[in-house]
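S.K.: After the structure tokens below, expect a handful of questions from me.
The values are calculated or read from the model by the stated rules, or taken from the named source; none is laboratory data. Here the structure is a predicted model, which means the values were calculated and not measured. Note that we place each Cβ from the backbone using ideal geometry, even for glycine, and neighbour counts take in every protein chain shown.
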Amino acid sequence: MRAPADLADPPPIPSGSPLPEFSDLFPDLVPYRTGLALQQAAADRVTTGADSGTVIFLEHEAVFTAGRRAERSEYPTGDTPVVPVNRGGRVTWHGPGQLVAYPIIRLANGLGGADLVHAMEGALIATAAEFGVVGHLIDGRTGVWVSQGPATGQAPPAKLAQIGIHVGRRIVTHGVALNCSNDLAVFETFTPCGISDAGVTSLTRETGRTVTPADAYPALRRHLFPVIERFVA
């Protein structure tokens, strides 16, 4: 089991800060291709120096995304679209009830994508802890996992949050997804992230009460702040 990145209690976001803007949670579901366009527009602004970036928080309409390592044979069938993307990883699902955060920033010198992934895992673990859910890391696998919660018990680890980013010319796109109140049945229709020996869980399943993306947003925003503060150029 890997140790999470060390997290300090995050300060409030100062007015006029040169740090990236942290968006409000979009009030409506966002089509995935619209989300890609939002990311690209933000990345273009960072590339030109127009601003230092943004962290976008949203819920997507239902979609499967296929990362660079995904094989066509892994694509789910059915009416839900499958969108190939340039992030790492394989096939996963996004949709209603899942909180997504896209940190569109330029990485500071000396820091890499793997460092950012590890730090964001720590932020996700801290977010889950605010709801009484104990998340952990697994050697050789990205994301945040639950092994001993009331829902998972002694079962194989279940994935609570996933991470997949792309870094090009030090500009980060894509990000993290935290299962909050989404229907987990969809994950039984394909092999999430190409991992067949583990399950998938959510804050709602682990707590036994409904925890929506709107409920989790303030905590994730708060815990991502020191990560972005450290990593942005």
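S.K.: Being among the hydroxyl-bearing types (Ser, Thr, Tyr), touching a Gly at 6+ places or on another chain (Cβ under 7 Å) and in contact (Cβ under 8 Å) with a residue 40 or more places away in the chain, is that true of even one residue in segment 159-178?
M.R.: no
S.K.: Please tell me if Asp115 is touching a residue at least 24 places away in the same chain (Cβ under 8 Å), acidic (Asp, Glu) and surrounded by fewer than 19 Cβ atoms within 10 Å (Cβ to Cβ).
M.R.: yes
S.K.: For segment 21-91, please list each of the strands (runs of 3 or more DSSP E) lying entirely inside it that holds at least 2 residues being more than 24 Å from Pro226 (Cα to Cα) and modelled with pLDDT under 95.
M.R.: Once the strands (runs of 3 or more DSSP E) in segment 21-91 are filtered for at least 2 residues that are more than 24 Å from Pro226 (Cα to Cα) and modelled with pLDDT under 95, what remains is 63-66, 82-84.
S.K.: Working only within segment 184-202, note down all residues that are at pLDDT 85 or above and surrounded by 15 or more Cβ atoms within 10 Å (Cβ to Cβ).
M.R.: Leu184, Val186, Phe187, Gly199, Val200, Thr201, Ser202
S.K.: In segment 113-137, what residues are of a type in the set (A, V, I, L, M) and either modelled with pLDDT under 95 or over 16 Å from Arg230 (Cβ atoms) (or both)?
M.R.: Ile125, Ala128, Ala129, Val133, Val134, Leu137
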